[in-house]
């Protein structure tokens with residue numbers, strides 16, 4: 001498994017709780033790694049878009065069906081896909097991510113195709129430069 005990081009040279013600071021943002025990033029990356037074959041790449045990029053910090057997590061894993069995408073951020077949701085069921089989990093990771101994003105007044109989106117992988121994009125308000 002290869003993990004590529006595309007991080008800016010200058011610090012990107014999101015407004016909010018550092019521990020929760022750490023949890024958000026950990027859950028996104030661990031899911032990407034968990035549902036991707038060993039010979040693929042998971043990438044994480046961070047950039048600033050006006051007053052938002054944008055985090056993109058992309059994998060080349062099993063993908064998520066359109067039906068499953070509708071419930072993806074619900075607590076305890078587990079896909080019926082046998083490849084997804086083969087991995088251990090509680091169905092809480094993405095629900096936690098969604099709650100953290102909501103508490104930070106951000107947004108999260110997913111695009112995915114079965115067998116081709118998934119891309120999650122999280123947008124969080126950037127911290128102001130005051131103070």
Revision key, fill the gap. Checked segment 69-88 for anything exposed (fewer than 12 other Cβ atoms within 10 Å of the Cβ) and within 19 Å of residue 119 (Cβ to Cβ); matches are 70
Exercise for review: State whether one or more residues within segment 32-54 are assigned to a loop (DSSP other than H, G, I, E, B), under 16 Å from the mean Cα position of the chain (by Cα) and more than 23 Å from residue 124 (Cβ to Cβ).
Suggested key: yes
Review point. Out of all the residues in segment 89-98, is one or more within 24 Å of residue 4 (Cβ to Cβ), in contact (Cβ under 8 Å) with a residue 40 or more places away in the chain, touching a strand residue (DSSP E or B) at 6+ places or on another chain (Cβ under 6 Å) and surrounded by 15 or more Cβ atoms within 10 Å (Cβ to Cβ)?
Key: no
Check your understanding: Name the pairs whose Cβ atoms lie under 6 Å apart, with the first residue in segment 7-22 and touching a residue at least 40 places away in the same chain (Cβ under 8 Å), the second surrounded by fewer than 16 Cβ atoms within 10 Å (Cβ to Cβ) and part of a loop (DSSP other than H, G, I, E, B), and 6 or more positions between them or separate chains?
Key -> 13/127; 15/127
Check your understanding: Say we look at segment 46-68 and pick out the residues that are in contact with a strand residue (DSSP E or B) (Cβ under 6 Å, 6 or more places away or on another chain) and under 18 Å from residue 116 (Cα atoms); which of these is surrounded by the most Cβ atoms within 10 Å (Cβ to Cβ)?
Key -> 59
**Study point:** Test: residue in segment 37-45 that is in contact with a helix residue (DSSP H, G or I) (Cβ under 7 Å, 6 or more places away or on another chain) and surrounded by fewer than 16 Cβ atoms within 10 Å (Cβ to Cβ)
**Key:** no
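Every read-out reported here was derived from the displayed coordinates using simple, explicitly stated rules and does not represent laboratory data. Just so it is clear, the model here is predicted, and its values are computed rather than measured. Don't worry about glycine lacking a Cβ; one is built from the backbone with ideal geometry, like all the others, and counts go over all protein chains shown.
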